[in-house]
Each structure stands twice: as structure tokens, then as C-alpha cells.
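The values are calculated or read from the model by the stated rules, or taken from the named source; none is laboratory data. Everything numeric in this text was worked out from a predicted model, so none of it was measured. Because the Cβ atoms are built from the backbone with ideal geometry, glycine has one as well, and the counts that use them run over all protein chains shown. Areas reflect the complete protein model, heavy atoms only, side chains present, ligands, DNA and RNA absent. Shrake-Rupley method; radii C 1.70, N 1.55, O 1.52, S 1.80 Å.
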Amino acid sequence: MTQSILTRLSALDTNTISDALDFLSLQGATYGLRPLWSCPKIVGRASTVTLAPKTNDKPTSHLLTPVIDAVTTDDRVLVISGGLDGISCWGDIIANAAKVKNIRGTVIDGMCRDIDGSEAVGYPVYGRGVTMISARNRMVQVDSGAPVQMRGVSVNQDDYVIADTCGTVFVPADRIEEVLDLGERIDRRQNGMVRDVKAGKPVEQVMHDTQFDAIRRTPTPSATTAQGNPKQATPEDKELVALFAHSDTPGVSDALDKLGIPGQAHGILPLTNSQKVTVGPAFTVRYVPASNPPGSVGDFIDDVAVGDVIVIDNAGRTDCTVWGDIMTQYAGLRGIAGSVIDGVCRDVNKAIADDYPLYTAGRWMRTGKDRVQVGGVNEAVGIGRVRVEPRDIVVADANGVVIVPRDRAREVARVAREIEESEDGIRGLIVGGATIAEAREKLGYHTLQRKG
């Protein structure tokens with residue numbers, strides 16, 4: 001359950017979670033606890049620590065070391081209160097120790113030093129700022145696992161933490177499901193506002209207070225929000241989709257290569273260079289040449305769940321289509337995430353105008369009626385030379401389409417994140433003045449996609 005919650009939280013950002021807390025009249029958003037290097041977002045559960053000024057000369061263990069040594073799970077974020085301006089309570093040695101223990105990151109209501117050391121090992125640190133002054137003989141650890149105050153926000157052991165480039169937010173553990181449900185609603189509504197603005201609607205109308213108030217009243221996606229579609233995503237589907245919420249096809253492709261998994265659908269491309277990344281479980285459809293009399297060509301769509309990606313195997317045929325404007329409109333109304341076709345489509349202006357994600361081997365105007373028919377649904381199919389099993393995870397964007405075997409999805413997502421974090425590190429080093437050769441050598445660029 002915790003991993004599913006963390007996956008859903010990872011798919012959002014601090015702005016959205018802050019807004020959800022505001023709607024619910026909950027404290028949690030902090031000001032001033034920012035990333036201390038260009039570190040990645042962290043999401044996890046709080047391990048709380050309280051520090052205080054040292055008032056005697058008695059030797060003590062270095063602050064924080066007992067807490068780090070006691071960690072046994074991989075979902076922890078150290079949340080440290082009691083820091084003093086100008087005095088460090090975090091450095092590179094304990095960053096290395098925390099990295100070894102698979103701690104996800106540290107948030108300090110205080111200062112850090114040796115920040116280059118944390119960056120060198122890719123360990124995220126958020127706090128008030130950096131200094132060079134050591135905490136030794138100046139500060140001690142006085143408590144752990146107890147409630148702490150972080151910039152005026154009360155944080156308990158095991159509360160949820162999300163921190164990104166905009167700052168740090170804490171979510172009470174007993175309200176996390178409520179906050180996530182509302183946050184996901186806000187995220188969908190705001191994405192819709194962006195689409196409306198891009199489509200030319202007046203921004204004054206799109207961003208009117210009534211539009212934001214409507215978020216509170218909008219139910220979680222259900223049969224009432226997708227034209228009566230009774231087919232809803234399962235909790236596991238939501239979890240696996242959220243794993244790839246911040247990935248793209250190049251990163252996932254590299255992860256597939258490293259793991260030796262074929263998954264890149266050759267020759268299947270989007271209609272437009274959209275900024276959107278489409279992720280969803282595969283609802284597979286196999287077309288065959290039409291019988292006499294011909295069979296059905298599209299009734300399967302009534303069985304597709306909200307959030308699914310329809311994956312159609314038409315054997316790469318380019319002489320007749322299996323998708324047009326009626327299917328586009330109906331799929332959009334029913335909350336289907338997109339369609340991937342090893343074949344061609346038509347009526348593309350409708351899909352482009354509706355911003356409906358459609359990935360195909362091409363486009364042509366000739367109908368498939370009386371030429372092809374559905375031969376099977378929810379069975380193994382072939383798309384761009386890749387085998388697709390029902391409920392595999394589809395990731396598609398402007399670069400193309402990749403298929404992730406469902407039973408390897410968590411592993412692929414983990415490796416994709418590691419590769420993306422390494423590439424982010426390389427970009428950061430280049431911005432900092434390193435040559436591309438130095439940056440690639442330091443972060444092992446040439447081995448990122450190599451089979452392990």
C-alpha cells in the first residue's frame with residue numbers, strides 16, 4: 001500500500017500538493033526549504049530528527065549517525081529540525097552513508113556544507129542554505145522519531161514528504177489518500193486549462209475563480225466523468241502507470257536496452273510532435289482480413305477501461321484504415337488514454353484538434369469496412385515488431401512508442417529513473433563548466449544503456 005501511495009505522490013509536484021492542502025485547510029507547504037543543488041525530486045516517508053545547540057564538552061556520536069544506521073527500508077526521507085543559521089548539520093560523509101542505506105534524501109530546517117559531495121553521489125539535500133562551518137562541538141542530536149517543527153509546519157514520524165525545485169511539502173499520513181485524490185483531480189483540471197489556453201480560449205475565462213472552485217466539486221474519475229464508461233482502472237493499473245508519469249520514451253528505451261528487453265515499436269509514430277507523454281495499460285486488438293459476410297470493425301471499444309491505451313495489430317497494412325473520427329470522439333469521451341496502430345488511420349484532423357494521442361504507421365483515407373474485421377481482443381499481438389501482451393504498459397510520446405512487459409514494469413521504471421538521473425547529472429556538470437567528455441566519464445554515460 002505504501003509503495004502505491006508513493007508512486008501516486010511521485011506523479012504529482014509540490015505545487016499541486018500545496019493546492020490540495022489549501023483546499024482541505026491543511027498545513028504542510030513550507031517556504032525556504034529548497035534544493036541545495038540541482039537535485040531530483042524526492043518522495044518518501046519522514047524519519048524525524050531534532051537537533052539543538054551543544055551545551056557541554058562531553059563527547060557524543062556525530063549527529064544523525066544513529067538514525068542513519070537504524071534505517072531498514074528504502075522509503076525514508078530524513079527530516080531534520082532545529083538547525084542554526086550559519087552552522088552545518090549535514091555533510092558529504094553522512095551523505096555517502098545515507099546513500100548506502102538507500103535513504104531517498106534529506107530535508108533540513110537548517111544548513112548544509114560539502115554540498116559538492118552530496119551532488120557527486122547524487123544524494124538530494126533540501127534546506128535553508130549552505131555554509132562551511134561544521135556542527136562538531138556546536139550541535140547535538142536530542143531526539144528522533146518524535147514530532148518536529150519544519151518552518152512552522154508540524155511533521156510526525158512516517159508523514160509523507162515531497163520536495164522538488166519549488167520547495168518542500170509535508171502531508172499528514174492519516175490524510176494522504178484524501179490529499180492524493182484531490183491532487184490528482186487538480187492536476188487533471190489544470191492540464192485541461194493548459195489545453196484550453198493553447199486552443200485559443202480567453203485566459204481570463206479559463207482561469208476564473210469559478211474554474212478553480214469547480215475542482216473541489218469534481219468527483220474522482222468514475223462512470224460519471226467519462227460518458228458512462230463503467231470500466232475503471234484498477235489500483236495496480238494506476239500504480240504502474242504512475243511509475244512512468246515523469247519518464248519519456250528515450251529513457252524507457254534505454255532502460256529496456258540495459259535489461260535486454262525488446263520493446264521499441266519500430267515505425268510507429270505520433271500524428272504530431274506533442275509535448276504529451278501517453279502512458280497506460282494495453283487493451284490489445286487483432287484485425288484480420290474480412291470474412292463473407294464481414295464482421296465487426298470497432299465494437300470492442302465499449303470494453304476498454306478509462307486510462308487504457310488501445311493497441312491495434314493490423315499486420316502493418318497501409319491499404320485500409322482501422323481508426324477514424326468517430327472512434328477518436330468516442331475514445332475521448334470514454335477517457336481512453338490513446339491508440340497505437342500497426343497500420344494506418346484517417347480523419348486525422350479530428351484527432352489533432354481534440355489532442356487525442358494517436359500513434360500509427362501512417363495515414364490514408366481508405367476505409368477498412370468490408371476489408372478487415374476484428375479477429376480477437378485481449379490476446380498477444382505484434383506492434384512494430386514487438387510482442388504486446390494484454391495489460392502491458394505502453395509509453396508513447398513525440399519520439400514513438402515503447403512497450404514495457406507488465407511483470408517487469410517496476411524494474412524498468414527504476415532503471416529508467418536511474419538513467420535519467422545520471423543524464424540530469426551530466427547536464428548539471430556541463431552547465432557548471434565541465435566538458436562533455438569529463439561529465440560523461442564522471443557519471444558513466446557510456447555504460448548507462450549497456451546490459452548489466
Residues whose placed amide H lies under 5 Å from that of residue 150, excluding near-sequence neighbours: 155
Too-long pairs where the Cα-Cα distance tops 26 Å, listed order kept, from 101/258; 41/198; 198/369; 238/442: 41/198; 198/369; 238/442
Computed over all unlike Cα pairs, the Kirkwood hydrodynamic radius of region 112-190 in Å stands at 15.5
Carbon and sulfur atoms account, in whole percent of the 1.4 Å probe accessible area of the chain, for 50
Debye log10 I(q)/I(0) at q = 0.08 Å⁻¹ for the chain, Cα point scatterers: -0.54
Only four residue types carry charge here, +1 at the Cβ of Lys and Arg and -1 at the Cβ of Asp and Glu. Report the dipole size of the chain about the Cα centre in Debye, rounded to the nearest 20. 440
Over the chain, give the accessible area per residue in Å² for a 1.4 Å probe, as an integer. 47
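At a temperature of 10 °C and a viscosity of 1.306 mPa s, determine how fast region 261-407 diffuses translationally according to Stokes-Einstein, using the Kirkwood radius over alpha-carbon pairs as Rh; express D in µm²/s, rounded to the nearest whole number. List each step's numbers first, then the result.
Working: Rh = 14.7 Å.
Answer from the Stokes-Einstein relation: 108 µm²/s.
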What residue among 333, 162, 270 has its Cα farthest toward the positive end of the dipole of the chain, where the charges are +1 on Lys, Arg and -1 on Asp, Glu, each on the Cβ? 270
Selected from 230, 291, 135, residue furthest toward positive end of dipole (the chain; charges at beta carbon): 291
Note, ³J(HN,Hα) from phi for region 79-88, Karplus 6.51, -1.76, 1.60, rounded to Hz, x at Gly and Pro: 10, 10, 10, x, x, 10, 4, x, 10, 6
Mind ranking 136, 427, 334 by accessible surface for me, highest first, 1.4 Å probe? 136, 427, 334
Kirkwood hydrodynamic radius, computed over distinct alpha-carbon pairs, for region 382-421: how many Å, to one decimal? 11.0
For residue 64, what residues show an amide H to amide H distance below 5 Å, using hydrogens built from the backbone and excluding near sequence neighbours? 141
